[in-house]
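Beneath this line is the structure, given in structure tokens, with notes to follow.
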Amino acid sequence: MRRFYTDLIHKHFCENRQMLLLMGPRQVGKTTLCKLLSEKWNDTAFLNWDDREDRLLILEGPRSVGRAIRLETLRGAKVLVIFDEIHKFEGWKDFLKGFFDLYESQTAILVTGSARLDSFRKSGDSLMGRYFSCSMHPISVAELVRKRYQESEIFPPKRISNEEYAQLLTFGGFPEPFLNGNKRFYNKWRAFRFEQLFREEMRDLTQIQNIDLMEVLAELLQRQVGQLTTFSSLAKKLGKSDQTVRFWLKMLANLYFCFEIRPWAKNVTRSLIKEPKYYLWDWSLCDDEGSKHENFIASHLLKAVHYWTDCGFGKYHLYYVRDKDKREVDFLVTKDQKPWILIEVKSSDHKSISNSLNYFQEMLDVPHAFQVVIDMPYVNKNCFEEKGPIKVPAKTFLSQLV
């Protein structure tokens, strides 16, 4: 399956001199993307830290790599140089800085990694001014209905088939299980990916010894998706300190197992300002149907927030809203630190709009407030033309994102 990221990355290198750091979870499709880019680009070099020969070459330094891929030879166009999983190298930032400074004019540099590239193996020198970042997410509704890349904040609505929609909800947005659409294949893929994350990624990139307890923490998160997180409660269950649990959660987020959403406190009377919620990058891991639906929407919103920010439309963030009177709305998207979209998620159609949605839209003066319904039939109308709180089919709303 061709992803829109192929065109997005090509556009980046047509317009910018900076290298691009492409980050996303393992098996989200980064390697396939690199192959497609190699076919589209006239001249490409691919170096993978996990390959022994490539690793030895990288360890020799930027000039050795430049000679090996013939950057000292006159070329008619820039060479696309892809460094995969290089964040596993302790001195990766220094290496990339040196390589970029030597060969900026001759290369377009793409760095891919299955961990947050600013979180591991910190070195003394900065890449500031030498890179932009891009987050690669699982397949979404909008990617399925919009085959070609278009750069926009909000798109016109477009229908997704009931079959594709159900398959996306059931098997998640990671390409292999989604495209395969087979429950037995999915079960094997899910077990293998879990093993890979905890027995390889966690071992290689962290100094955590209690991998078995990390797995228990991951399972606990799967059972409480979208709930307020009490660190002391998790610490008690694991027999560890609050501080240890916080650190482990940060590592799970850095390795794209989960992501954190914090409460929006600005201008909210009697707001909660501490407890975060956690969602999974793979919503198919949620066993509870209601939690899966909420996570499904959360993942689409996170993808949109990252895309809008990466493309330079503004600075976007994802929050939830709750006060001490227990009024709550599932999600708030802010644009340049101003509330922009409120989203309440429902699995099926309810007769009335959530009172909290009405309350917080008025209090925060939010332009758009949607009660997004998972099983509601598609409606071919732009929901962003509406201002007041309104019920919207998830199929319509999600098709207008990215």
Inset, instruction - Determine which single condition Lys326 fails, assuming it passes every other condition in (1) closer than 20 Å to Asp365 by Cα; (2) at pLDDT 95 or above. - result: (2)
Legend entry - Per-region count, the range 367-396, residues over 17 Å from Ser299 (Cα atoms), buried (at least 18 other Cβ atoms within 10 Å of the Cβ) and touching a Phe, Trp or Tyr at 6+ places or on another chain (Cβ under 7 Å): 3
Legend entry - Subset of the range 132-179 (residues that are of a type in the set (Ser, Thr, Tyr) and either under 22 Å from Ser347 (Cβ atoms) or surrounded by 19 or more Cβ atoms within 10 Å (Cβ to Cβ) (or both)): Ser135, Ser140, Ser161, Tyr165, Thr170
Legend entry - Count of residues meeting criterion [more than 30 Å from Cys383 (Cα to Cα) and at pLDDT below 95] in the range 151-189: 0
Inset, instruction - Assess whether Val65 counts as being closer than 18 Å to Thr6 by Cβ and modelled with pLDDT of 95 or more. - result: no
Inset, instruction - Please indicate, with yes or no, whether at least one residue in the range 78-93 is basic (Lys, Arg), touching a helix residue (DSSP H, G or I) at 6+ places or on another chain (Cβ under 9 Å) and not in a helix (DSSP H, G or I). - result: yes
Inset, instruction - State all residues of the range 334-368 that are over 26 Å from the mean Cα position of the chain (by Cα) and β-branched (Val, Ile, Thr); if no residue qualifies, say none. - result: Ile353
Inset, instruction - From Thr112, Thr107, grab the single residue that is out of contact with any Phe, Trp or Tyr (no Cβ under 7 Å at 6 or more places or on another chain), outside the structural domain of Lys381 (by TED's automatic domain parsing) and within 21 Å of Asp204 (Cβ to Cβ). - result: Thr112
Inset, instruction - Keeping to the range 247-260, report how many residues are assigned to a helix (DSSP H, G or I) and either buried (at least 16 other Cβ atoms within 10 Å of the Cβ) or at pLDDT 95 or above (or both). - result: 6
Inset, instruction - Provide a single number: the residues in the range 187-221 that are among the polar types (S, T, N, Q) and loosely packed, with under 14 Cβ neighbours inside 10 Å. - result: 3
Legend entry - Some residue of the range 267-284 being at pLDDT below 95, among the hydroxyl-bearing types (Ser, Thr, Tyr), assigned to a loop (DSSP other than H, G, I, E, B) and exposed (fewer than 14 other Cβ atoms within 10 Å of the Cβ): yes
Inset, instruction - Look at Arg75 and say whether it is surrounded by fewer than 18 Cβ atoms within 10 Å (Cβ to Cβ) and free of Cβ contacts under 8 Å to residues at least 12 places away in the same chain. - result: no
Legend entry - Subset of the range 189-215 (residues that are more than 23 Å from the chain's Cα centre (by Cα) and part of a helix (DSSP H, G or I)): Ile211, Asp212, Leu213
Inset, instruction - Could you tell me which numbered condition Gly290 fails, if it satisfies all but one of (1) within 21 Å of Glu344 (Cα to Cα); (2) of a type in the set (Gly, Ala, Ser); (3) surrounded by fewer than 22 Cβ atoms within 10 Å (Cβ to Cβ); (4) under 16 Å from the mean Cα position of the chain (by Cα)? - result: (4)
Legend entry - Restricting the range 56-77 to residues that are farther than 18 Å from Thr44 by Cα and assigned to a helix (DSSP H, G or I), the residue that is farthest from the chain's Cα centre (by Cα): Glu60
Inset, instruction - Residues being assigned to a strand (DSSP E or B) and either surrounded by 24 or more Cβ atoms within 10 Å (Cβ to Cβ) or basic (Lys, Arg) (or both): count how many of those fall in the range 318-330. - result: 4
Inset, instruction - Output the number of residues of the range 380-402 satisfying the condition of being assigned to a helix (DSSP H, G or I), under 26 Å from the mean Cα position of the chain (by Cα) and farther than 18 Å from Ala166 by Cα. - result: 2
Inset, instruction - Spot the failing condition for Ser152; the list is (1) touching a Leu at 6+ places or on another chain (Cβ under 6 Å); (2) not charged (D, E, K, R); (3) not in a helix (DSSP H, G or I), and only one is missed. - result: (1)
Inset, instruction - Please go through the range 347-379 and pick out each residue that is farther than 25 Å from Trp308 by Cα and either polar (S, T, N, Q) or in a strand (DSSP E or B) (or both). - result: Ser347, Ser348, Ser352, Ser354, Asn355, Ser356, Asn358
Inset, instruction - Return yes or no: is Gly226 on the phi > 0 side of the Ramachandran plot and outside any helix (DSSP H, G or I)? - result: yes
Legend entry - Conditions (1) among the hydroxyl-bearing types (Ser, Thr, Tyr); (2) out of contact with any His (no Cβ under 8 Å at 6 or more places or on another chain); (3) under 20 Å from Pro263 (Cα atoms); number of the one not met by Ser284: (3)
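The values are calculated or read from the model by the stated rules, or taken from the named source; none is laboratory data. Everything quoted here is computed from the prediction, not taken from an experiment. Virtual Cβ from ideal backbone geometry, glycine too; neighbours counted across all protein chains shown.
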